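Below you'll find the structure, written out as structure tokens, and then a few comments.
Read-outs: derived from the displayed coordinates by stated rules, not from any lab. Since the model is a prediction, treat every value here as computed from it, not as a measurement. Here Cβ is always computed from backbone atoms with ideal geometry, including for glycine, and neighbour counts include all displayed protein chains.
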Amino acid sequence: MTAQDTLDIQNLRLSFRNWSGSVEVLHGIDLRIARGERVALVGESGSGKSVTARIVLGTMQETPGARVSGRILFGGRDLDAMSRTERRAVRGTAMSMIFQDPTTALNPVYRIGTLVHEVLKRREPAITAEEARRRGGDILREVSIDDPERVLDSFAFQLSGGMNQRVMIAMSLINEPQLLLADEPGTALDVTVQAQTLKLMRDLVESHGTSVLFISHNLGVVREFADRIYVIYRGRIVERGPTAAIFEDPRHPYTRALLAAIPRLTGGGIPEIAERSDSFLAPMVAHEEVMG
């Protein structure tokens, strides 16, 4: 850990108790994010990437049966040394999260303006509704929403998925967090809106100087967003490096499998997915047998 690091995860392990004993999910994760750096954690569903983000946020530790060990330093502070009250106070202020499906993540019974006010009150409990609305309008304009007054007066179900995603990005950045955890943002959107949203988020975090842990199953999505990439497979980091290096010279068979699974256009303009044949996965299986 250096003075410039926002997040430093050391030997992170997670297991769950069940009727037959325990099941290990994470096997010693090490991950570092420098101040202002955008880092992607990439792997297929069930690889352990989302639970890693939830451990950093502090919600997984509250799950019955979960056992977490290791060390997480946030801005040089050991998160485990904080009280539960202090840890909860970090959420939504110094650390925030964007969830996968923005429409379900936003409370449907409150207008967007009320939700923005509640987020701002986490850092400034005495902030008035009028001031919250003004600042909410400012941040909504930053995410290219041209009619913020209408959006602030709307419920989430009255807005499109793309609009809700922009609202989520705005709410996650309105308190100027040091770290943004982005769990597959845009996955629920069509590819065109997803690309626009990710470019918008990249531009915003750059202008705000925010560090990002970007969770994704798609290496293609993070190529234009992340400075560095960690590849996670079955709860272990199997490869890490600068984004350009990962794409130019992937070393682990699993990384090569993820790269081969990126949709590409054929001559007829139809997306084509690489087949995961037995011969394609054979190198990865052989690697697992060697590594034990």
With charges only on Cβ, +1 for K and R and -1 for D and E, what is the dipole size of segment 5-286 about its Cα centre, in debye, rounded to 20? 740
Suppose R0 equals 30 Å; then what is the FRET efficiency for Asp203 and Asp30 from their Cβ-Cβ distance, rounded to the nearest 0.05? 0.50
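By the gyration tensor of its Cα atoms, with a ≥ b ≥ c the square roots of the eigenvalues, what is the shape of segment 1-139: rounded for a/c under 1.5, prolate for a/b over b/c, or oblate? Please list the in-between numbers first.
Values: a/c = 2.00, a/b = 1.59, b/c = 1.26.
Prolate, because a/c is 1.5 or more and a/b exceeds b/c.
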Which residue, Ile33, Phe225, Val90, has the largest displacement toward the positive end of the dipole of segment 5-286 when charges sit on each Cβ (Lys, Arg +1; Asp, Glu -1)? Val90
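For a Förster distance of 30 Å, can you work out the FRET efficiency between the beta-carbons of Glu130 and Arg223, rounded to the nearest 0.05?
Values: r = 43 Å, r/R0 = 1.42.
Efficiency computed from Cβ-Cβ geometry: 0.10.
By count of other Cβ within 10 Å, fewest leading, how are Arg77, Arg202 ordered? Don't skip to the end; give the middle numbers.
Working: Arg77 13, Arg202 16.
So the ranking, lowest neighbour count to highest, is Arg77, Arg202.
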Pseudo-spin-label distance Asp153 to Thr104, built 7 Å along Cα→Cβ, given in nm, is 3.1
Dividing the alpha-carbon radius of gyration of the chain by 2.2 N^0.38 Å, where N counts its residues, gives 1.05
Ratio of segment 101-150's C-alpha Rg to 2.2 N^0.38 Å, to two decimals? 1.14
Give, in nm to one decimal, the length gained when the segment between Phe247 and Ala260 is fully stretched (0.36 nm per residue of separation minus the Cα-Cα distance). 3.6 nm
In nm, what is the difference between 0.36 nm times the number of residues separating Gln10 and Ala89 and their Cα-Cα distance? 26.2 nm
Could you give the distance between the Cα centres of segment 134-158 and segment 210-260, to the whole Å? 34
